[in-house]
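The values are calculated or read from the model by the stated rules, or taken from the named source; none is laboratory data. Quick caveat: nothing in here was measured; it's all calculated off a predicted structure. Every residue, glycine among them, receives a Cβ derived from its backbone with ideal geometry; neighbour counts consider all protein chains shown.
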């Protein structure tokens, strides 16, 4: 069985009892970063061995993990934070397992985009998640152009070193809409800022951003 296990996005207490039980009972944990996952497993006394499964080894390692699953071993797939398969390479292993007829189940839990949406105050009945915008400026601006007519709440993930560039592009292409900028969800320095993209650009130009960000905007509100 392949278990898709959600883990905390910040606060270690945000793990389910079922997730702890699963991580203790599987034969192997496939983790995006074993060092990061070790913090969680040590905290809860989980002694299950872990192996790395991340973007740059996903093809080779997925074949290895699929072999174990076919032998009858149980594997828990975890990401650094949140739910595997969302903006991480987990979907590749999940798809292979399903294609091979390996049983797959999910142990649901936190995911940053849903937590940020519920915290944002923006309409949550209808939304679109775009993951990370393209790194290259031209491609990123084309993507934003395609969203000009979007009526749903739009959600992005963004890294701190690209945040200012993204906010500037949002200002110029989407007409300087109000953006909800959420960072460090569930952690000590959790912060939610809502302001026009231009104001957020100025703020984060003067105050270097830290942590991982979720950006949300609604062009109709």
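Tabulated data
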quantity: Answer residue from the range 147-163, given it is more than 20 Å from residue 121 (Cα to Cα) and over 20 Å from the mean Cα position of the chain (by Cα) and is surrounded by the fewest Cβ atoms within 10 Å (Cβ to Cβ) among those; calculated: 149
quantity: Pairs, first over 19 Å from residue 33 (Cβ atoms) in the range 9-21, second modelled with pLDDT of 95 or more and outside any loop (DSSP other than H, G, I, E, B), C-beta under 8 Å, six or more apart; calculated: 16/107; 18/107
quantity: Given (1) touching a strand residue (DSSP E or B) at 6+ places or on another chain (Cβ under 6 Å); (2) surrounded by fewer than 18 Cβ atoms within 10 Å (Cβ to Cβ); (3) not assigned by TED's automatic domain parsing to the domain that holds residue 213, number of the condition residue 123 does not satisfy; calculated: (3)
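Residues checked against (1) without any contact (Cβ under 8 Å) to a residue 12 or more places away in the chain; (2) surrounded by fewer than 21 Cβ atoms within 10 Å (Cβ to Cβ); (3) touching a strand residue (DSSP E or B) at 6+ places or on another chain (Cβ under 8 Å):
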residue: 42; (1), (2), (3): yes, yes, no
residue: 49; (1), (2), (3): no, yes, yes
residue: 52; (1), (2), (3): no, yes, yes
residue: 97; (1), (2), (3): no, no, yes
residue: 101; (1), (2), (3): yes, yes, no
